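The block underneath contains the structure these notes are about, expressed in structure tokens.
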Amino acid sequence: MSTIELKPENQALLERFRAGKKVALARAISLVEDERPGFQDFLHAALETPRFSKRIGFTGPPGAGKSTLVSALTRAFRDQDDEVAVVAVDPTSPYSGGALLGDRIRMNDLATDPGIFIRSMATRGSLGGLATTTKEVLDLMDAFGFQRVLVETVGVGQTELEITGAADTVVVILVPESGDAIQAMKAGLMEIADIFVVNKSDRPGADRLVKDLRLALHLREGEALKDVPAHHGVDLKRMGVPESGTSQDEGQSKGPEWEIPVLQTVAHSGEGVQELLEAVSRHRAFLEESGLLLERREARAAGRVRDVVERELRRVAWDHAGVKGTLAEGVAGIVSGAETPYSLASSILSELLDSGTK
Amino acid sequence: MPEGDRKIRVLVAKPGLDGHDRGAKVIASAFRDAGFEVIYTGLHQTPEMIVSAAVQEDVDVVAMSVLSGAHMTLFPRVKELLTEAGADDILITGGGIISEDDMEALHGQGIGRLFGPGTPTGEAIAYIRDWAAERSGRANQASRSWEAP
């Protein structure tokens with residue numbers, strides 16, 4: 001692996017990072033989060049020895065109890081002597097640029113355990129449920145040596161799915177008020193879960209949601225009627241309804257299969273946390289046995305490379321002196337009708353490609 | 001991101017045993033609206049919890065609301081623990097029912113400005129912005145030191 005010379009202050013930081021200093025980890029995260037000069041070189045140096053922590057992502061609507069569940073699970077991992085890092089993401093205001101990061105409130109009983117490191121991140125304009133640099137921050141925590149890295153998204157709606165590219169296991173947390181059977185059948189959030197949790201299960205409607213979720217999952221697996229008693233005494237399974245169906249995840253047709261569990265918890269009392277912990281380890285074992293872990297890691301690596309290349313391409317393109325000129329001169333032509341955005345974009349692209357081959 | 005555009009991160013904490021967190025919530029919201037990233041940790045924080053959070057979150061400022069009268073112990077204790085943790089470049093500020101004499105005494109121990117009841121939130125915001133601008137001026141002359149003391 002090529003060695004890149006770091007800026008002197010970053011080199012000093014790297015040495016303290018490697019020595020396991022928490023302050024250095026915290027400051028390295030800021031370096032990456034702010035995308036300060038030299039942050040990519042720092043990441044390159046820090047990631048030379050990847051350790052492959054077990055990464056678990058938590059997502060779900062606002063107020064579903066993500067932080068409380070993360071807190072409970074972190075405590076359980078600590079009881080197994082694992083060191084745990086947590087990233088909790090909350091939204092940045094599009095108006096002021098400020099943010100109120102309040103997830104730590106739910107994690108107060110973890111505050112002084114030296115085996116736990118919690119970092120709050122503001123989205124800073126990113127729309128996928130994570131902050132722009134959350135994945136890189138997770139890499140840093142991994143390189144620092146945590147066995148478990150937990151990440152909690154902002155409260156999401158239906159389409160903020162970036163978590164799938166950040167974690168090995170995705171836990172989708174819902175509450176009894178989350179919706180009905182049709183909500184459970186919709187695309188997006190409902191498709192990314194490795195484990196479903198219906199939190200606040202002491203509230204009315206929890207059993208209904210669990211049933212709806214199971215039904216929606218079985219529909220996806222082509223076994224809609226698995227848990228449903230025969231209607232009017234007619235058993236469709238005996239009437240030649242085909243059992244086979246396409247599973248929702250590629251790679252599942254070969255080897256062991258994963259049946260997505262639907263669990264019930266009451267996070268603040270700890271009810272169901274043990275079952276969640278067991279489901280997480282079962283999923284881990286499944287990932288390893290099926291080879292899916294490797295697939296997910298490779299997909300994640302490919303995604304990271306694409307992100308870095310895209311970021312650099314944008315920088316190269318818009319910092320290019322010639323391109324700046326062409327754009328500035330060309331816009332008047334678009335307004336007057338002599339050019340279109342497409343013809344100008346085309347000349348900019350040829351300009352960039354030409355300068356790249358020289 | 002140029003040094004001047006760096007987001008200011010502030011930990012708003014409510015140490016001690018009293019349950020009066022209205023002031024802390026008001027200031028946390030005002031800081032958010034001022035464009036700061038506010039880490040709000042809620043009630044009943046010990047100095048150890050505050051310092052541990054401040055270090056992990058790499059905040060620039062710790063702002064504490066103290067209404068219990070324990071400010072002469074709490075502020076210096078947080079300062080001491082931050083220094084031990086190698087994060088003594090963090091500004092400690094705050095507010096509450098604190099006499100002028102106590103404010104001055106604490107200032108002498110390296111605590112930043114403290115604000116009494118009725119202070120407009122804008123005053124605290126301006127103080128933190130000025131402090132950050134001055135610090136980044138210093139940082140441009142000599143890069144911020146990462147070394148522990």
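The values are calculated or read from the model by the stated rules, or taken from the named source; none is laboratory data. Everything quoted here is computed from the prediction, not taken from an experiment. Positions of Cβ are generated from backbone atoms using ideal geometry, with glycine treated the same way; all protein chains shown enter the neighbour counts.
Once segment A:107-125 is narrowed to residues that are modelled with pLDDT of 90 or more, surrounded by fewer than 23 Cβ atoms within 10 Å (Cβ to Cβ) and more than 22 Å from A:Gln147 (Cα to Cα), the residue that is nearest to the chain's Cα centre (by Cα) is A:Thr123.
Against the definition (modelled with pLDDT under 90 and of a type in the set (A, V, I, L, M)), how does A:Leu189 come out, yes or no? Steps first, please.
Working: modelled with pLDDT under 90: yes; of a type in the set (A, V, I, L, M): yes.
For A:Leu189, the condition - modelled with pLDDT under 90 and of a type in the set (A, V, I, L, M) - is met.
A:Ser269 meets all of the listed conditions (1) among the hydroxyl-bearing types (Ser, Thr, Tyr); (2) modelled with pLDDT under 95; (3) surrounded by 15 or more Cβ atoms within 10 Å (Cβ to Cβ) but one, namely (3). Report yes if A:Ser96 is in a loop (DSSP other than H, G, I, E, B), more than 24 Å from A:Ala206 (Cβ to Cβ), within 12 Å of chain B (Cβ to nearest Cβ) and without any contact (Cβ under 8 Å) to a residue 60 or more places away in the chain, otherwise no. Yes.
In segment B:20-122, which strands (runs of 3 or more DSSP E) lie fully inside it and hold 1 or more residues that are buried (at least 23 other Cβ atoms within 10 Å of the Cβ) and within 11 Å of chain A (Cβ to nearest Cβ)?
Working: elements: B:37-40, B:61-66, B:91-96.
The strands (runs of 3 or more DSSP E) meeting that bar are B:37-40.
Screening A:Leu25, A:Leu13, A:Leu31 for residues that are over 30 Å from A:His283 (Cβ atoms), out of contact with any Lys or Arg (no Cβ under 8 Å at 6 or more places or on another chain), within 14 Å of chain B (Cβ to nearest Cβ) and of a type outside the set (S, T, N, Q) leaves exactly one candidate, A:Leu31.
Name the residue that is farthest from the other protein chains (Cβ to nearest Cβ), counting only residues in segment A:49-76 that are of a type in the set (A, V, I, L, M, F, W, C) and surrounded by fewer than 21 Cβ atoms within 10 Å (Cβ to Cβ). Show your work before the answer.
Start the filter on segment A:49-76 by keeping residues that are of a type in the set (A, V, I, L, M, F, W, C), which leaves A:52, A:56, A:58, A:64, A:69-70, A:72-73, A:76.
Then keep just the ones that are surrounded by fewer than 21 Cβ atoms within 10 Å (Cβ to Cβ); that gives A:52, A:76.
On the way: A:Phe52: 23, A:Ala76: 20 Å.
Among residues in segment A:49-76 that are of a type in the set (A, V, I, L, M, F, W, C) and surrounded by fewer than 21 Cβ atoms within 10 Å (Cβ to Cβ), the one farthest from the other protein chains (Cβ to nearest Cβ) is A:Phe52.
Out of B:Arg129, B:Arg144, which single residue is modelled with pLDDT under 90, within 14 Å of chain A (Cβ to nearest Cβ) and at negative phi? On inspection, the qualifying residue turns out to be B:Arg144.
Among the candidates A:Ala131, A:Ala85, A:Ala166, A:Ala111, which residue alone is among the hydrophobic types (A, V, I, L, M, F, W, C) and away from chain B (no Cβ under 14 Å)? Outline the logic, then answer.
Values: A:Ala131 fails: away from chain B (no Cβ under 14 Å); A:Ala85 fails: away from chain B (no Cβ under 14 Å); A:Ala111 fails: away from chain B (no Cβ under 14 Å).
Residue meeting the stated conditions: A:Ala166.
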